[in-house]
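The values are calculated or read from the model by the stated rules, or taken from the named source; none is laboratory data. Predicted model only: the values in this text are computed from it and were never measured. Glycine gets a Cβ as well: all are built from the backbone with ideal geometry, and neighbour counts include every protein chain shown.
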Amino acid sequence: MNLKYSHKLAVLVSGSGTLLEHMTTEHLPIGLVIAEKPCRGLEVAKSAKYQTELLPRINFGWNNSRKWSDQPGFDRVKFSIAIADTLNDHGITITAMAGFMTILSPSFFRDLQRYTAKHPPSATAKV
């Protein structure tokens with residue numbers, strides 16, 4: 001089947017990449033895979049020859065030795081802007097959060113003129 005897509009999909013990953021693996025079998029127009037830490041999901045993307053970007057959240061004040069709920073130095077807004085800028089730079093029109101575990105700022109979802117599918121659904125919790 002030869003399908004033509006009018007959208008370019010980005011997949012945000014954080015872990016093992018099992019959701020991304022399933023997406024690859026559907027031959028979706030994946031143009032970019034983004035992770036906020038080194039993870040198997042990036043390796044899955046590289047194996048499938050997808051373009052990848054690593055945007056380490058530690059570059060935005062994340063402290064790996066602290067709990068998720070205790071990240072006073074993490075600049076969620078700047079991190080979210082960096083992801084949005086990367087998506088825009090690659091011409092992404094649809095974003096799928098496939099197990100992406102960092103909560104993004106509400107403005108990420110409000111300001112971007114693209115559809116965002118998220119799993120798990122709690123990834124958009126209000127901060």
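Rundown of residues vs (1) over 18 Å from H90 (Cα atoms); (2) charged (D, E, K, R), yes/no style:
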residue	(1), (2)
S6	no, no
V13	no, no
H22	yes, no
I34	no, no
P38	yes, no
R57	yes, yes
F60	yes, no
N63	yes, no
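For region 47-87, filtered to residues that are assigned to a helix (DSSP H, G or I) and of a type in the set (G, A, S), the residue that is surrounded by the most Cβ atoms within 10 Å (Cβ to Cβ) is S80.
Regarding S122, is this residue modelled with pLDDT under 90 and among the small types (G, A, S)? I'd like the intermediate steps shown before the answer.
Details: modelled with pLDDT under 90: yes; among the small types (G, A, S): yes.
Judged against the criteria, S122 is a match.
Take the residues in region 67-98 that are under 11 Å from the mean Cα position of the chain (by Cα) and not hydrophobic (A, V, I, L, M, F, W, C); name whichever of them is nearest to A10 (Cα to Cα). If we take residues in region 67-98 being under 11 Å from the mean Cα position of the chain (by Cα) and not hydrophobic (A, V, I, L, M, F, W, C), then T95 is nearest to A10 (Cα to Cα).
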